[in-house]
Structure formats: C-alpha cells, structure tokens
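Since the structure comes first, as structure tokens, the remarks are kept for the end.
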Amino acid sequence: MKGWVGKILRVDLTTKKIKEEILDPKVAKDYIGGRGLGIYYLNKEIDPGTDPFSPQNIIIMATGPLTGTGAPTGARYMVMTKSPLTGAITCSNAGGRFPTEMKRSGYDAIVLSGRAAEPLYLYIDQGTAQLRSAVHLWGQDTHATTDTLLQETDPKARVACIGPAGEKLVLFAAIMNDRDRAAGRSGVGAVMGSKNLKAIVVKGKGSVQLADPDGFKAFNKDILNKYKEAVAKTPLGLTVNGTAGVVVATQNFGVLPTKNWQLGTFEGWQEIQGESLSKKFLVKNKACYACPIACGRVTRVTEPGFEGEGEGPEYETVYAMGSNCMIDNLAAITKANYICNELGLDTITMGATVACAMELVDRGYLSEDDIGRPLKWGDGEALVALTRMTGNREGFGDLLAEGSYRLAERYGHPELAIVSKKQEFPGYEPRGAQAMGLAYATSPIGGSHMRGDPAYFELFGVPEFMDRLQWKGKGIVTKAFQDISAIIDAAGLCIFFSIRNLASKDLGVAPVGILKYLNMATGVNYTLEELQKAGERIITAERLFLNKAGFDRKDDSLPTRLTEKPMPEGPSKGMVCHIDEMLDEYYQARGWTPNGIPTPELLEKLGLHQ
Amino acid sequence: MDVQVKLYGLFKKYAPEERQEFQLKLPPDSNVKKLLKILNIPFEQERTLLVNGQLAGLERRLESEDIIVIFSPMSGG
Ligand code: SF4
C-alpha cells in the first residue's frame, strides 16, 4: 500500500501478546484512516454497553494516510475508545511529532486491549514492539515520564503518556504527546490508566511511501505558495497570536462564555486575549510536523506564585479558565494550563468544572467548607490550587475529577453543568452562534466543536459569513462541515489549515484539495463523491455505536440555560438557541429519523447495513 | 454625529494616536464606506467589521452612538 503503511499493531495488555495485522485495503479506502479506522474497530470489537474502565474496552490510536507525508499539517492522530465521561465514544485528536513517528515506526494504527497486571509501557522501535515495565514511572508527571523514557530508549524517539490524572482515572484525563500536545478530551487518558499502560514510545525510520511522489510534490508546492501569498497580504491571526487571538472575535460578537455561561461578554477580555499572551509570556511559536501555521505557543511565566514554563494557553483554555471563571489573571490561567499538561488533564473540562463549582458556591448550593478553601468568581489562585488537587484527586479535587455534570448533580443542580452528553463545551455561546449549539448537541463526543466547526461560517466568514443569529438552514450546513471534518480527521490533517486551503467554497465546503492529496498519496483514486461518502460513513458509523449505547434525540440536547434563558446582555442579547428546529432539519439532511436513528436506506447506501 | 470606533490587531495603526477605542465625529448620513475613508483604511483590506455586534457591509448607514468594531478575519480555536 502507498500512503498507508498497511499494518496494524495489536497489543493485548492482559496476556502481553503483541501481533501485527494487515490493514484490509477495502477498510482503508472506505474509512480512510484516523477517526474512520477508530470507529471501524470500535464497532467491530466492543459492545457499546461495555464499562469504559473494563478490560473489554479497547483504545485505537490511528494516523491517517496523509500523516507524515509532508502535506501541510499532516501531523495528526486520533485516539478513540469508549469514554468514561460521556459513555459515548471519544474522538480525541493531537498533532506534534509523535503521530508521524508512530507511522514511521511501522503502523497506521495501534489497537490496545485488556488490562495489564502492573504498569507497563509500549516501545516500538522501527517495527519491533515490546512491552516493558513502567513501575518506576507510575506517579510521575508527563514531563518527568517523557524525559526518563527518552533516556531509557532513544533520545530521538517520541513519547505519548499519561500523568497522575490518567492513573487516578480522572474522568477527563488526557494523553499527552511530545510533552505538551494533548489528545485532551473525554477521558482518553483515564482509559489508558485503567489498562495500566503508562506510555507509548515510538522510534521510526524512513519516510511514508507515496503513490505519485512527483505529482504530490508539485501539488504541495503549489498549495504552499498560495498559502504564503495569502498570508503575505494578511498575516494569519493563528500565527501572530495563537488560537487565543479568537477572543477579539467572540467578545465582540457577544459569544465569549462568561460566568459559567451566564453572560456573553467579559469585562477583562483584553487581559486574556492572544495579544496579551504574546506581549507578556510568549517565548516563541511552535509548529506541529509539516505545519506552515505554527499556532503553538511556547511560554514562560515569571510572576510570583505562578512561575513556570511550557506550552499554551489555547483559546479554549483562556475561555474555560478565564472568562468562564471571571478570571482576568493570565498568569494564573497559564499556570493552571501548565499543571494540566503536567498532570495530564483536559483544560476545557477542568476550567468549566471550576466555573460550575464557583456558581454552586455563589448560589449557596455548595459550601466553601466542603471545598476547604474560598472559591469566588475571579479567583486565579483557587483555579491553580483546585487544578492541582483534581489531577491528584486530593481533597475536594476528588469530586472535581468527575467533571461538572456529576459535581452539579451531587449538589442537586445538574442544570448548572453546561454540557451535552455530560461533556463540557468549548468557548462559543450558542445563543449568539446558533449552529454552534447544533454542533455541540450532535457531536458524537458531546460538547465539542472540533468535529464540525460552525465558528468558521458564523464567526470567521470561512468560506463566507452566515447570519449567526439565524437557525434556519443551519442543519444542512452543519452537516456539511461535520462531514468534511470527518474527512480531515481521518486523513490525518489539522482543521486549521484544511478548511481554508483545501476545501472549495461552493458545494458545501467540498474537500477538493484533500481529494488530490489523498489520491496522490494512496493511488486509490477516490472520486469526490466517494470521499464525501466516506465522511458520511464515518459519522453514521459513529451514530450506530451511540444508538446501541442508548443515545438518541433526547441526548442531542443543550442545557436549558441556553435554550430557555435569553442572553441578558451584549451583541447576542435577547437570543436563545433554537436547537429543536435545527435538529429536525439536521436529521433530515443526514437521512436519520426524527429520533436520530440512521434509516435502513442510508445504511444501505453507505454499506453499513448489518 | 458621534460614533464609537474600536480597532483591534492590525487595524490599530489606523487609529488616531494609536488609541484602539475612540469617539469619532461623522457628517450626518454617513455609511461604513465614509468611515473607512476618514480613517484611511483601504477598502480591499481584509477585515471583519461589526456595527453594534452585527456584521456590516460598506453601504451600511451609521447612526449616532453606533459602536463600530474592526479586526482581522480569524480562524481556529
Ligand atoms: S495549525 Fe496549530 S495545531 Fe494545527 S498543525 Fe499547525 S501548529 Fe499544529
């Protein structure tokens, strides 16, 4: 095979048996890779009712056919498993250098099953895999673990690992790779911890084989030249100020979630926006493999009490830990971000859970005695302290480690958890960006935008602006964006480059550039229609898993705060999110029933009938 | 009439004395085009322009006390 390596590695942690498997070329073509391969194996090999922490759950780490090829942002892999936070699937994606190295080590994907009797790590050295003891690493943070493993194996190897949060089954523990990149969401790190697997170390050689290397090179040059011309005219915000630059847009559109989603604008927004980060703490930009954008931020904080070095914060972190907690102290936010990276925690759920706790205290439902410290809106020191306690499950951190839904439910007010399918939202307020609400409600992982991001057409004007306050017509466009996101996620690309540069403006963001790359890499000659169908197939296959796990329309919902309480202030004032109207249109566009179940005709068309 | 103007990011350089938020006196019956001309912002410069939090084009008429925000198009997050 070309583009794909053509091999899968299976690791049974219970028996410590490791074996290689051929990647079926038909499965590869139908599911592309990454997210597609993940759902293919989940559907085939686990019962959707499985307890996420049981040995029967599996973890799939899958690269795509464009990972490591040199296609811009072809740097990524996807981690899929059954989520302990939501009970649905995870789709947690990361870049950096680990995914490319993993593919070069000889495998498109790794499938992990069972549970080890004692802590282990997996080392793959150019096609030879072995399990080694990780007893000496258990309890270590992600940075110490990475440093020790690089010494023990090869300084040129790449490491993905969990920190104490994953070991202690924090429901939103992350898998960190290359020190500070995160497959952050839905508790992938906790599932890895439940399997007693501390880390995966990969060392590769050579490069990914391409079907048409000359054509690929020429097309790549062309795409990169166009990109360079465009950014020479208008520098890209992502490069200049990182993702945190987006605060300027969300604040001024009135969709910057503030005070646990009670407000849409934040008085202290200037303090937490990307420009402040650049001015105060930026050391340098950092790029994932083959990425011309370099949105990553290497930062250093010297302010007393918050000293540290690392990467971040991203936009999602400054919303979740900043405006949402009314914290305008960027040093505290950045410090809490560092702690998340070191202990292995998702910054979104962490920040949103602290915000929820702040509201519970504010309304008198939770006493500060229970927490063991004061917890007022805006308290950056509390954020830092609680983040550390959560990662270690110390004191009140043990309750925060269950996420906002379980916390709010315990104190009798589940409506104060701003979640879908029990997962916390990224930082775009659906009352002022209607399709965003639909994306959160229908995402297979619960509150997320990265699996189909309406901010592009509602807030960024890509490919063009749609009225953010209008809900009619949003079902169809959101479906189109989810489909292309599935293709991007399966191919191994990053959404930040691909939507702008590899999709055509017409035909509902058709993935024309991705099609060209894929065909020259793999030689399988997808037609545009086949590729678009593959995107639909992935999303519908995910839905089948969710349906069998008991999810349907009732779970494609938003908190009443967003659907019944009009936004009290700012440029989105007076709006609620019209989720029900959008859902009807969306299911119809998808070929799902009004209850959110794929129809037999659709399954037939996609080759998914069982 | 008086409007409030907020220029962020790359657009800061068009602000009088580089103050990113300021009041501006406009002749009556002004539209967005007129405002850009007064501030010397080229029409072809890629931008996101909001009037009172909603997107607005060149022909949009401005009223007294409107808040106009201009920043570079963005993506990501
Ligand atoms: S845009 Fe950012 S996240 Fe995406 S590949 Fe580039 S550096 Fe990585």
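Just wondering, is there one or more residues in segment A:321-329 that are crowded, with 24+ Cβ neighbours inside 10 Å, under 15 Å from A:Asn341 (Cβ atoms) and within 14 Å of another protein chain (Cβ to nearest Cβ)? No, every residue in segment A:321-329 fails to be crowded, with 24+ Cβ neighbours inside 10 Å, under 15 Å from A:Asn341 (Cβ atoms) and within 14 Å of another protein chain (Cβ to nearest Cβ). Taking A:Ile223 and the conditions (1) among the aliphatic types (A, V, I, L, M); (2) within 16 Å of the ligand (Cβ to nearest atom); (3) outside any helix (DSSP H, G or I), which numbered condition does it fall short on, given that it satisfies the others? Failing condition for A:Ile223: (3). Of the candidates A:Ala549, A:Ala541, the single residue that is open to solvent by less than 10 Å² (accessible area, probe 1.4 Å) and not aromatic (Phe, Trp, Tyr) is A:Ala541.
Comparison of A:Gly351, A:Gly437 shows that the only residue that is in contact with a Gly (Cβ under 8 Å, 6 or more places away or on another chain), open to solvent by less than 40 Å² (accessible area, probe 1.4 Å) and under 22 Å from A:Thr86 (Cβ atoms) is A:Gly351. Of all residues in segment A:283-305, which are away from the ligand (no atom under 15 Å from the Cβ) and not hydroxyl-bearing (Ser, Thr, Tyr)? The answer is A:Val283, A:Arg300, A:Val301, A:Glu303, A:Pro304, A:Gly305. Among the residues in segment A:255-267, are any in contact (Cβ under 8 Å) with a residue 12 or more places away in the chain, more than 25 Å from the chain's Cα centre (by Cα), more than 13 Å from chain B (Cβ to nearest Cβ) and surrounded by fewer than 19 Cβ atoms within 10 Å (Cβ to Cβ)? Yes, segment A:255-267 has at least one match. Whether any residue in segment A:497-508 is surrounded by fewer than 23 Cβ atoms within 10 Å (Cβ to Cβ) and within 14 Å of chain B (Cβ to nearest Cβ) is what I want to check. For segment A:497-508, residues surrounded by fewer than 23 Cβ atoms within 10 Å (Cβ to Cβ) and within 14 Å of chain B (Cβ to nearest Cβ): present. For segment A:459-481, the set of residues classified as away from chain B (no Cβ under 14 Å) and either free of Cβ contacts under 8 Å to residues at least 24 places away in the same chain or open to solvent by less than 20 Å² (accessible area, probe 1.4 Å) (or both) consists of A:Lys474, A:Gly475, A:Thr478, listed by residue number.
Here A:Thr599 passes the criteria (1) of a type in the set (Val, Ile, Thr); (2) crowded, with 20+ Cβ neighbours inside 10 Å; (3) farther than 30 Å from A:Asp51 by Cβ except the one numbered (2).
When residues in segment B:36-73 are screened for being assigned to a loop (DSSP other than H, G, I, E, B), open to solvent by 50 Å² or more (accessible area, probe 1.4 Å) and either touching a strand residue (DSSP E or B) at 6+ places or on another chain (Cβ under 9 Å) or more than 7 Å from chain A (Cβ to nearest Cβ) (or both), 11 of them pass. All conditions but one from (1) closer than 29 Å to A:Leu546 by Cβ; (2) of a type in the set (A, V, I, L, M, F, W, C); (3) under 23 Å from the mean Cα position of the chain (by Cα) apply to A:Leu383; the one that does not is (1).
Taking the conditions exactly as written (over 15 Å from the mean Cα position of the chain (by Cα) and more than 11 Å from chain B (Cβ to nearest Cβ)), does A:Pro444 satisfy them or not? No; evaluated as a whole, the condition is false for this residue.
Table: residues versus (1) closer than 28 Å to A:Tyr289 by Cα; (2) assigned by TED's automatic domain parsing to the domain that holds A:Ala117; (3) open to solvent by less than 40 Å² (accessible area, probe 1.4 Å); (4) out of contact with any Lys or Arg (no Cβ under 8 Å at 6 or more places or on another chain).
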residue	(1), (2), (3), (4)
A:Asp12	no, yes, no, yes
A:Glu20	yes, yes, no, no
A:Asp24	yes, yes, no, yes
A:Val27	yes, yes, yes, yes
A:Gly33	yes, yes, yes, yes
A:Lys44	no, yes, no, yes
A:Pro48	no, yes, yes, no
A:Pro52	no, yes, yes, no
A:Asn57	no, yes, yes, no
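Filtered by the rule that a residue be open to solvent by 70 Å² or more (accessible area, probe 1.4 Å) and not in a helix (DSSP H, G or I), segment B:1-35 gives B:Arg19, B:Glu21, B:Gln23, B:Lys25, B:Pro28, B:Asp29. Quick check on segment A:153-174: of everything there that is within 16 Å of the ligand (Cβ to nearest atom) and open to solvent by less than 10 Å² (accessible area, probe 1.4 Å), which residue is nearest to A:Ala336 (Cα to Cα)? Applying the filter and picking the extreme gives A:Ala174. Here A:Asp453 qualifies as closer than 24 Å to A:Arg185 by Cα and within 11 Å of chain B (Cβ to nearest Cβ). Look at A:Lys280 and say whether it is more than 16 Å from the ligand (Cβ to nearest atom), more than 19 Å from A:Ile499 (Cβ to Cβ) and not assigned by TED's automatic domain parsing to the domain that holds A:Ala94. Yes; evaluated as a whole, the condition is true for this residue. The single residue among A:Leu528, A:Leu518 that is at pLDDT 95 or above, crowded, with 24+ Cβ neighbours inside 10 Å, more than 14 Å from chain B (Cβ to nearest Cβ) and away from the ligand (no atom under 16 Å from the Cβ) turns out to be A:Leu518. The number of residues in segment A:87-100 being open to solvent by 10 Å² or more (accessible area, probe 1.4 Å) and within 15 Å of the ligand (Cβ to nearest atom) comes to 2. Take the conditions (1) over 26 Å from the mean Cα position of the chain (by Cα); (2) surrounded by 15 or more Cβ atoms within 10 Å (Cβ to Cβ); A:Gly574 misses just one of them, which is (2). The lone criterion from (1) within 14 Å of another protein chain (Cβ to nearest Cβ); (2) over 30 Å from A:Val512 (Cα atoms) left unmet by A:Leu399 is number (1). For segment A:271-378, the helices (runs of 4 or more DSSP H) that sit wholly inside it and include 2 or more residues that are touching a helix residue (DSSP H, G or I) at 6+ places or on another chain (Cβ under 8 Å) and under 27 Å from A:Thr73 (Cα atoms) are A:274-280, A:330-343, A:347-362. For the criterion of being of a type in the set (A, V, I, L, M), within 13 Å of another protein chain (Cβ to nearest Cβ) and closer than 30 Å to A:Glu101 by Cα, A:Ala490 fails. Only a single criterion out of (1) of a type in the set (Gly, Ala, Ser); (2) surrounded by fewer than 22 Cβ atoms within 10 Å (Cβ to Cβ); (3) closer than 30 Å to A:Phe53 by Cβ is not satisfied by A:Ala230, namely (3).
The values are calculated or read from the model by the stated rules, or taken from the named source; none is laboratory data. What you see is a predicted model, and the numbers here were worked out from it, not measured in a lab. Please note: Cβ atoms are built from the backbone with ideal geometry, for glycine as well, and neighbour counts cover all protein chains shown. Remember, those area values only see protein heavy atoms, side chains included, never the ligands or the DNA or RNA. Shrake-Rupley method; radii C 1.70, N 1.55, O 1.52, S 1.80 Å.
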